[in-house]
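Shown next, in structure tokens, is the structure this report addresses.
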Amino acid sequence: SLINKRVLIVDTNFRNNVLSQVLPKGSKVKSIEDRQLVAGLLTSSKQGGADVETEDKEMAYELITPTIYKNVFVVTNAGGGIASPAEILSGRNFKNLIEGFKANFDYIILEGGALNDYADTKELVQYVDKVITIFSAQSSISQQDRESIQYIKALGNKFGGCVLNRIDPKDYKL
């Protein structure tokens, strides 16, 4: 967003939606002008040469919330359920919605649940170009982690690298 790229963050971690709770949101898209701004992001959406269905656009209007950060938008979820993404999104054309988003955002980030705890994130791989994993520097690698790493390796070109977080500043010089 700092280089004027539009970013959409989609919280698809339905069981632990911390991102939806902590990401600072701007005002909801309420005014006609704001609605037209979001609509402008979606109007050029095409799939197979046809406009994305009006219903999908209407759903997108309701889903997208600006954040307090320039060019950063978020799609939050209520969380708290035990349903997986496939169950929650069944009957909705999530692929069509993502295609509409792709046409209008430079980066789309789907935040998913931990691979070790749930298979939910595996259901989302079909909708993404790259999978980036996050590891905590405060944890050691378990057997379950090794199995998840094997799964990530099997993704081939879809694997986009990893992030190491929770690093103690005193360990910066390695």
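By how many nm would the segment from Asn157 to Ala103 lengthen if fully extended, with 0.36 nm per residue of separation less the alpha-carbon distance? Provide the component values of the computation, followed by the final result.
On the way: separation 54, 0.36 × 54 = 19.44 nm, distance 2.19 nm.
Taking Asn157 through Ala103 to full extension adds about 17.2 nm, to one decimal.
Please work out how much length the chain gains when fully extended from Leu164 to Lys5, using 0.36 nm per residue of separation minus the C-alpha to C-alpha distance, in nm with one decimal.
Values: separation 159, 0.36 × 159 = 57.24 nm, distance 2.41 nm.
Value of the extension gain: 54.8 nm.
Over 25 Å between Cα atoms, which of Lys122/Lys173; Lys102/Lys158; Lys95/Lys158 qualify?
Numbers: Lys122/Lys173 35 Å; Lys102/Lys158 17 Å; Lys95/Lys158 17 Å.
Beyond 25 Å: Lys122/Lys173.
Please report the net charge: other residues with Cβ closer than 15 Å to the Cβ of Glu147, K and R +1, D and E -1. Don't skip to the end; give the middle numbers.
Values: positive: Lys122, Arg146, Lys153; negative: Asp117, Asp145.
Here the charged neighbours net out to +1.
Any read-out appearing in this document is the output of simple, stated calculations on the displayed coordinates, not a laboratory observation. Owing to the predicted nature of the structure, the values given are computational and were not obtained by experimental measurement. Cβ: placed from backbone, ideal geometry, glycine included. Neighbour counts: every protein chain shown.
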